[in-house]
Amino acid sequence: MDKNTDNLVNSFLDHLRFEAMLSNNTISSYKRDLEKFKVFLDKNNVKSFLEISHEQILMFLESLHKNLKESSISRILSSLRTLYKFLVREGAIKNNPFSQIKNPKKPKKLLEILDEREVKNFLDSIPCSKKLELRDKAMFELLYSSGLRVSELTNLKLRNIDFDENLIRFVGKGNKERITPVGKVSMYFLKKYLETTRYKIECGLQSCA
């Protein structure tokens, strides 16, 4: 790397320190990012930051993907965009070669789904000896058995539950009315909650005599 490039980098770091008023830790992070870029350029016989080509930038990105996470790569790209924006401002180059380089997309985490045994263990672990426990037990059993969303469950009315046929009528996604069957176990706990507990909870909330 030639001396002129080192001078430009030092000027950039001074800009971060005295004009941007960044903390020492942030400036150190910039230094580490620029050092990674400098090592890559040296290995590829590029003598100056000002001589980087689009193809070499893509090669640099490829090298980063081999060892770093998407978040680290995004931080390095941000540092280099800021460097080259400074170099454009200083008249060292005409265009920022990193302005059109997009950050890598973070992979979406797949939802972990419980298997049937894990769900059964969870439902069996819910106590139901107290008022609120029985309410929660009935809610979770009903959610699992019917496949209702939480919002659909909270908006469910008693008149929409057919206890004889074990069916529930509800308004689902798209404001469409749907009917779904419900298992006997969930209906058992729902009936038990309604017959023995619901009134007591409502009285407690309303301070019934």
- Message: Show me the ranking of peptides 107-120, 47-60, 72-85, 14-27 by mean Cβ neighbours inside 10 Å, starting with the highest.
- Response: 72-85, 47-60, 14-27, 107-120
- Message: Just to confirm a number: summing +1 for Lys and Arg and -1 for Asp and Glu over residues other than Phe170 whose beta-carbon lies under 15 angstrom from that of Phe170, what do you get?
- Response: +3
- Task: For Lys38 and Glu195, compute 0.36 nm times the residue count separating them, minus their Cα-Cα distance, and round to one decimal in nm.
- Result: 49.1 nm
- For Lys108, which lysines qualify as cross-link partners when the Cα separation must be under 17 Å and same-chain residues fewer than eight apart are set aside? Lys69
- Item | Residue-by-residue Karplus 3J(HN,Hα) for the stretch 62-69, coefficients 6.51, -1.76, 1.60, Hz, glycine and proline x | 4, 5, 5, 5, 6, 10, 10, 7
- Modelled label reach - Lys106, point 7 Å along Cα→Cβ, the stretch 24-68 residues with backbone N closer than 18 Å: 65, 68
- Item | Read-out semi-axes √(5λ) of the Cα gyration tensor in Å, derived from the coordinates shown; its label in [x] 40, 18, 12; [y] 65, 20, 16; [z] 32, 20, 15 | [y]
- All lysines inside 24 Å of Lys120 as judged from Cα atoms, apart from same-chain residues fewer than 8 positions distant: Lys130, Lys131, Lys137, Lys184, Lys191, Lys192
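Coordinate-derived values only; no laboratory data. Just so it is clear, the structure is predicted and the values come from calculations on it, not from any experiment. Please note: Cβ atoms are built from the backbone with ideal geometry, for glycine as well, and neighbour counts cover all protein chains shown.
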